[in-house]
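Below you'll find the structure, written out as structure tokens, and then a few comments.
Just so you know, all these numbers are worked out from the coordinates, no wet-lab data involved. Note that this is a predicted model, so its numbers are computed, not measured. Here Cβ is always computed from backbone atoms with ideal geometry, including for glycine, and neighbour counts include all displayed protein chains.
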Amino acid sequence: MTSLPDTPDNQPPLSLQSDRDHAVQRVQGAYADGVISLEEMDACLDRVLIARTGAELDVVLAALPAEAAPKASTISAASGRIKRGGVWRVPRFLTVASAFGRVNLDLSRAVIEDSVVDIELQVGTGRAKITVPFGAVVDLDGLTTGWKDVDYRLPRRAQPTGPTIRISGVMGYGRLTIRHASR
């Protein structure tokens, strides 16, 4: 077995250990899902356990199918800004909680695997902006606003071809702005 970097008790660095733990769970999950055989799982686990760098772990994980988005997730902050954009997986149920601060969710390039996404907002004070994909259907029936109305404009010529984004929860003292991404 190769030697590990010099750390107390010859343990791997903490970040590598958590990455290794995650990799072990991914390999075991792929076996449990029937994606890899028992022999492939054993070989992958051996490589994961002797990996010295994150790049070595990435090589093992590259052969596995991509992780599915969790069905539910929460993003929260007591104060400050919550910002999510670019390419990211959107769970089926997303809760966004912010006591004080701004919220900016950009779903325009996000990976949305479900036909319906439920976003529950719990915003005390501060503005929130949600950019939805072009062609998405927005449902605001479950949203309560305390101070200002929602600023939402339907696109002129958009056909409902995308997912349904249901927004619920409470907007306290702030405005929610919803925009459709341009094609």
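Lys/Arg Cβ at +1, Asp/Glu Cβ at -1, dipole of segment 72-180 taken about the Cα centre: which of ILE167, SER108, GLY142 is farthest positive-ward? My answer, from the dipole projection, is SER108. Here is the P(r) of the chain: all C-alpha pair distances, binned every 10 Å from 0, give 9, 28, 23, 19, 15, 5, 0 in whole percents. How about segment 48-153: which chymotrypsin sites (Phe, Trp or Tyr not before Pro) there lie in a loop by DSSP and see at most 11 other Cβ atoms within 10 Å? Sparse-neighbourhood loop chymotrypsin sites (Phe, Trp or Tyr not before Pro): TRP147. Under a Gaussian network description of the chain, with springs only between Cα atoms under 10 Å, the residue in THR125, THR145, THR161 that fluctuates furthest is THR161.
So which lysines can LYS148 reach, going by Cα to Cα under 19 Å and dropping same-chain residues fewer than 8 places off? Qualifying lysines at Cα under 19 Å: LYS129.
Measuring r between the beta carbons of ARG89 and LEU154 and using R0 = 22 Å, the FRET efficiency lands at 0.25. Each residue in TYR173, TYR31 was given a count of other beta-carbon atoms within 10 angstrom of its own, and listing them fewest first yields TYR173, TYR31. Under a 5 Å amide H cut-off, with hydrogens placed 1.01 Å from N, VAL103 pairs with ILE82, ARG127, ALA128, LYS129 among residues at least 5 apart or on other chains.
Site pair GLN17 and SER76 shows an inter-label distance of 2.7 nm when each label is modelled 7 Å from Cα along Cα→Cβ. The stretch between ARG52 and THR161, if pulled fully straight at 0.36 nm per residue, gains 34.6 nm over its current Cα-Cα span. The GNM of the chain, with springs linking C-alpha atoms under 10 angstrom apart, assigns the highest mean-square fluctuation among ILE75, ILE130, ILE36 to ILE36.
With each label modelled as a point 7 angstrom along the Cα→C-beta vector, the VAL137-VAL170 pair spans 2.9 nm. Close amide-amide hydrogen proximity is noted between GLU120 and LEU94, THR95, VAL96, SER168, each under 5 Å apart and 5 or more residues distant or on a separate chain (H modeled in the peptide plane; Pro and chain starts excluded). The GluC sites (Glu not before Pro) of segment 46-143 meeting both criteria, a DSSP state outside H, G, I, E and B (loop) and at most 14 other C-beta atoms within 10 angstrom of the site's C-beta, are GLU67, GLU113. Sorting LEU61, LEU105 from the fewest to the most surrounding beta carbons within 10 angstrom yields LEU61, LEU105. The relative contact order of the chain, computed from alpha carbon pairs under 8 Å that lie at least 6 residues apart in sequence, is 16 percent. State whether segment 72-123 is rounded, prolate or oblate according to the following rule on the C-alpha gyration tensor (a ≥ b ≥ c being the square roots of its eigenvalues): a/c under 1.5 gives rounded; otherwise a/b larger than b/c gives prolate, and the remaining case gives oblate. Oblate, since a/c reaches 1.5 and b/c is not below a/b.
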